[in-house]
Amino acid sequence: MTTTTPDKFTISRRGLLKTGAAAASVPAFTAAPAVAAPAPAPGGAALARVTLVVNGKTQRLSLDTRTTLLDALREHLHLTGTKKGCDHGQCGACTVMLDGRRINSCLTLAVMHEGAKVTTIEGLGAPGRMHPMQAAFVKHDGYQCGYCTPGQICSAVGMLGEIAQGVPSHVSADLTARPQLSTVEFRERMSGNICRCGAYSNIVEAISEVAGVAGVKA
Ligand code: FES
Ligand code: FES
């Protein structure tokens, strides 16, 4: 029950609940209007400038901030040696070296890497002056269709660098010891690079030769 006096207003518990329920049932569109979102820029894209050093050459780009490093390389710099397989970080076809470390270029935005040094398969070597890993892949038939090959080679170069730096892998028995140069290590460390043609044993033979452990059974 609700009672009112000239200078005092009281409300019963039942009345308070009814009032609250009525307020809650008021449609949302009667609420005060929210602050309007800013209008999108013409074309809907936010552009940013980024400078990358790609294969030793300084490249200044103006990119949609959503551009992956992979698309910056392929679509803007026309370095199509780096392949787009899954575009989801699952196949390794897009592997490049970023400041000396291998990376899936489809999983990172170009604008995140201002001033970074990027090495693609074109920067590793070329016909007539091949990188030892490229030469070993040719020698050991480490490919069939070749689509995964640029990523495999960049990944293999980065992988041997990680072993040299003592970075352990999932199969390293002793995390404090220098990792072994073994096919078990190579296979584990290259497991992010998928080859639909199944050239794995030849790839491991090529890597083994470059690592100086040729002759180990792949
Ligand atoms: S395209 Fe990047 S991992 Fe497949
Ligand atoms: S050589 Fe064809 S996918 Fe690896």
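In table form, for the structure just shown:
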item	result
Subset of region 86-102 [near ligand 1 (Cβ under 7 Å from one of its atoms), open to solvent by 10 Å² or more (accessible area, probe 1.4 Å) and of a type outside the set (S, T, N, Q)]	C86, D87, H88, G89, C91
Lone unmet requirement of (1) under 20 Å from G100 (Cα atoms); (2) away from ligand 1 (no atom under 16 Å from the Cβ); (3) β-branched (V, I, T) for I153	(2)
Hits in region 186-200 - residues which are buried (at least 19 other Cβ atoms within 10 Å of the Cβ) and within 20 Å of E162 (Cα to Cα)	F186, R189, M190, N193
Residue ID - farthest from Y143 (Cα to Cα), chosen from residues in region 191-218 that are touching a Ser or Thr at 6+ places or on another chain (Cβ under 6 Å) and not β-branched (V, I, T)	A214
Among residues of region 120-131, those that are surrounded by 15 or more Cβ atoms within 10 Å (Cβ to Cβ) and under 23 Å from N202 (Cβ atoms), counted	7
Region 133-160, residues that are away from ligand 2 (no atom under 12 Å from the Cβ) and either open to solvent by 80 Å² or more (accessible area, probe 1.4 Å) or modelled with pLDDT under 95 (or both)	K139
Residue list for region 161-175, filter: open to solvent by 20 Å² or more (accessible area, probe 1.4 Å), closer than 22 Å to G100 by Cα and of a type in the set (A, V, I, L, M)	A164, V167
Breaking point among (1) in contact (Cβ under 8 Å) with a residue 40 or more places away in the chain; (2) within 16 Å of ligand 2 (Cβ to nearest atom); (3) over 16 Å from L52 (Cβ atoms), for D87	(1)
Residue that is farthest from ligand 2 (Cβ to nearest atom), among those in region 103-119 that are open to solvent by 20 Å² or more (accessible area, probe 1.4 Å) and within 10 Å of the chain's Cα centre (by Cα)	L109
Close pairs (6 angstrom Cβ cut-off, 6 or more residues apart or separate chains): free of Cβ contacts under 8 Å to residues at least 24 places away in the same chain in region 94-123, open to solvent by 50 Å² or more (accessible area, probe 1.4 Å) and not aromatic (F, W, Y) anywhere	D99/K117
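The values are calculated or read from the model by the stated rules, or taken from the named source; none is laboratory data. This is a predicted model, so every value here is computed, not measured. With ideal geometry, Cβ positions are generated from the backbone for all residues, glycine too; neighbour counts draw on all protein chains shown. Side chains included, ligands, DNA and RNA excluded: accessible areas come from the protein's heavy atoms. Shrake-Rupley method; radii C 1.70, N 1.55, O 1.52, S 1.80 Å.
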